């Protein structure tokens, strides 16, 4: 039977299992950011270095926003490392699309008109039903786990993969901004990661998504017309 209650620690402290999960996520995120900074130039070269650097970038950017699901899963059973692996595999796979885009359009010489159009399109997507549905799944880890739970390590891998697909559905337009509008700058990657975390984890994330829509459209119009 699936149990979703955290083990209780004495004195109102955080349970040891939660501390371990949070520490592992934090260490993985910090390590990914550190590695990403050192290989940032690899984002503009051959396919394999690009895909490796992209996987690092997605780990650094997206892993913190998956923390609620990881914590709930850690309380419910074993195989959380497989859950995380499934989640990150989905994001790593999006690197193929990103690389294809960079072969068609050099992000370093994209015109302001195109950059503005990408920003506006991303802002509009923030207001679509598809965005809303995917964001709701990302913001409801307990419901997601209850609906899609499968036992064992393979089940955890499947769960992470499914969550990753919804996360891509939620955030793909922001990744288009990252690739085409800001040339995959690590600084902009950090800013987008912060926004994604706010949307998916903080209270009133739906309102944050709408505010971001307004900001993207306004910034896009200024960029295109300026």
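The values are calculated or read from the model by the stated rules, or taken from the named source; none is laboratory data. Model, not experiment: these values are computed from the prediction. Positions of Cβ are generated from backbone atoms using ideal geometry, with glycine treated the same way; all protein chains shown enter the neighbour counts.
So if I check each of 31, 55, which one is buried (at least 19 other Cβ atoms within 10 Å of the Cβ), at negative phi and at pLDDT 90 or above?
55
Evaluate the following for residue 164: is it assigned to a helix (DSSP H, G or I), in contact (Cβ under 8 Å) with a residue 60 or more places away in the chain and within 30 Å of residue 78 (Cβ to Cβ)? Steps first, answer last, please.
Numbers: assigned to a helix (DSSP H, G or I): yes; in contact (Cβ under 8 Å) with a residue 60 or more places away in the chain: yes; within 30 Å of residue 78 (Cβ to Cβ): yes.
For residue 164, the condition - assigned to a helix (DSSP H, G or I), in contact (Cβ under 8 Å) with a residue 60 or more places away in the chain and within 30 Å of residue 78 (Cβ to Cβ) - is met.
Scanning segment 58-100 for residues that are surrounded by 20 or more Cβ atoms within 10 Å (Cβ to Cβ) and not in a helix (DSSP H, G or I), which turns out modelled with the highest pLDDT?
Here the residue is 63.
Just wondering, is there one or more residues in segment 204-215 that are closer than 24 Å to residue 79 by Cα, in contact (Cβ under 8 Å) with a residue 40 or more places away in the chain and under 18 Å from the mean Cα position of the chain (by Cα)?
Of segment 204-215, the ones closer than 24 Å to residue 79 by Cα are none.
The answer is no; no qualifying residue exists.
Of the conditions (1) modelled with pLDDT under 95; (2) surrounded by fewer than 20 Cβ atoms within 10 Å (Cβ to Cβ); (3) in a helix (DSSP H, G or I), residue 150 fails just one. Which one is it?
(3)
If a residue must be farther than 26 Å from residue 81 by Cβ, without any contact (Cβ under 8 Å) to a residue 60 or more places away in the chain and assigned to a helix (DSSP H, G or I), how many such residues does segment 177-197 contain?
Number of matching residues: 6.
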